[in-house]
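Since the structure comes first, as structure tokens, the remarks are kept for the end.
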Amino acid sequence: MSVQQSQFKPFISDDKQMAEMTPFSVILGIILAIVFGAANAYLGLCVGMTVSASVPAAVVSMGLVRFIFHRVFICFSVPETQISSYNNLSSHPLLN
């Protein structure tokens, strides 16, 4: 074992329990889902084609969570899942 490996200290310790689903992550997911879902539905109505807004929404939520609100990435997966689900609903052909 080298000297660097023995001095490594993780950012979050193993014994710390962190909640993944928090009110912050749920509210952030709802807000971003409405914004990106509305943009996707508008694009579908105007152009006749929808795109997947899941990846841009994931990048935006990651930036908001990490750099603006200074939270850890564990509360990042809940908004991404909400945005992806709402994006699929807003681009469904029966709804447009």
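How many nm separate the modelled label positions at Ser6 and Thr81, each set 7 Å beyond the Cα in the direction of the Cβ?
Output for this residue pair reads 4.2 nm.
Give the calculated FRET efficiency between Lys16 and Ser52 to the nearest 0.05, with a Förster radius of 25 Å applied to their Cβ-Cβ distance.
FRET efficiency, Lys16 to Ser52: 0.15.
Under a crude label model (7 Å from the Cα following the beta-carbon direction), how far is Leu43 from Arg71 in nanometres?
The answer from the label model is 2.5 nm.
Computed from the coordinates by the stated procedures, all read-outs in this text should not be read as laboratory data. Everything numeric in this text was worked out from a predicted model, so none of it was measured. So basically every Cβ, Gly included, is an ideal-geometry build from the backbone, and we count neighbours across all protein chains shown.
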